[in-house]
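Accompanying notes for the structure given below.
Please treat every number below as a calculation from the coordinates, not as lab data. Just so you know, these numbers come straight off a predicted model, no measurement behind them. Note: ideal-geometry Cβ built from the backbone for every residue, glycine included; neighbour counts use all protein chains shown.
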Amino acid sequence: MTGAVTPRLEWRGVHKRFGGPPVLAGFDLSVDPGRSLVIIGGSGQGKSVAVKIAAGLIEPDAGEILMDGRPVQDLKGREWRALARRFGMLFQGSALFDSLPVWENVAFRLINADRVPRKLARERALAGLERVRIARQFADLYPSELSGGMKKRVGLARAVIGDPDIIFFDEPTAGLDPITGRAINALITEQVKGLGCTAVTITHDLVSARTIGDEVAMIQDGVVVWRGPAADLDRSGNPYVDQFVRGDPEGPIRSLV
C-alpha cells in the first residue's frame, strides 16, 4: 500500500485581519509536489494575503504554514534563508527595478543573495532570458524600454533563475492583451513542467486558471469553498464557483462596487 503524499506546501488554520473583518478565517489548503494549484476568488477575498503569508512576507495572526510537513514560522536566520531560496515569485506588476538593466533584474537574487560572481550571474541571466524567448540583445535594456509582455517574461525569468521548488504567480496576465496573456500562460506552463516544481497562482483570469492549473481552489470570506480539477470549473456544482465563472452579478458573492 502506497503512503499518502506529504504536501509540498500547506496552509493550516490560517487567520489574518488588518483591523477590520478577517481576511483569512481558518484558511486550509495544500498543494502536492509537482502540482500546479490556482486560487481564484473575488477582489478582497484574501488570495494575495494567503500567498504572501506562505512566502513569508506577512505574518499570520494564527495557524501555520508547512513545507514538506514541517512548520516554518519559527525558522530564523540561516534556516529561513535556506527555505527562502526554494521560492520563486512572479509579481503582478513584474516588480522590476527601473534602475537596473534587464539582465541584472534577472540575476538580482544570484548576485545579492547567492553571492554568484557578476560575470557568471550575467551568463546565467542570459540563459534564463532565452528560456522565456527573450534574445540576448535585450539584456542591457532597461525595464522602461520594454513592453508589458516583455516585462512579464523578464519577471518570469527572474522567478525561475534559482530553479525553485515552489513558484508563486500573482495575477500573471494582469494588464496584458489576450494574445500576450496566452503566450505568458504557455511559458509559465512550460517552465513549471520543465523544472518539475510546485506552482501556486492567484488570478481572476479563468483562461489562465484552466491553462496553468492542475487544480483550482476558490476562496470566499477567507476560507476555501471549493476545490477540484481545473477541467471541472464549468461543472463544479458550487454556487460561488458558478457565479464567478459566469460573471453573474446575482448570486452568493456580494459585489464590492
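General observations
- In this calculation the C-beta distance from Ser43 to Lys119 is compared with R0 = 35 Å, giving a FRET efficiency of 0.20.
- Placing pseudo-labels 7 Å out from each Cα toward the beta carbon at Thr6 and Arg246 gives an inter-label distance of 4.4 nm.
- Cross-linked pairs Lys52/Lys152; Lys52/Lys119; Lys52/Lys76: Cα-Cα separations exceed 24 Å for Lys52/Lys119.
- Amide N of the range 54-69 lying under 13 Å from the label point, which is placed 7 angstrom from the Cα of Glu79 along Cα→Cβ: 67
- Environment charge of Asp68, counting only residues whose C-beta is closer than 15 Å and scoring Lys/Arg +1, Asp/Glu -1: +1
- A simple charge model with +1 on the Cβ of Lys and Arg, -1 on the Cβ of Asp and Glu and nothing else charged puts the dipole of the chain at about 860 debye relative to its Cα centre.
- Remark: Lys52, Lys16 ranked as Lys52, Lys16, counting other beta-carbon atoms within 10 Å and listing the fewest first.
- Computed label-point distance, nm, for sites Glu59 and Phe18 using a 7 Å Cα→Cβ extension: 1.7
- Fewest-first sequence of Ser236, Ser36, Ser144 by Cβ atoms within 10 Å of each Cβ: Ser144, Ser236, Ser36
- Positive dipole terminus of the chain, leading residue within Trp226, Thr189, Ser43 (C-beta point charges): Thr189
- One decimal place: the segment Arg182-Arg136 gains 14.3 nm when fully extended, by the rule 0.36 nm per residue minus the C-alpha distance.
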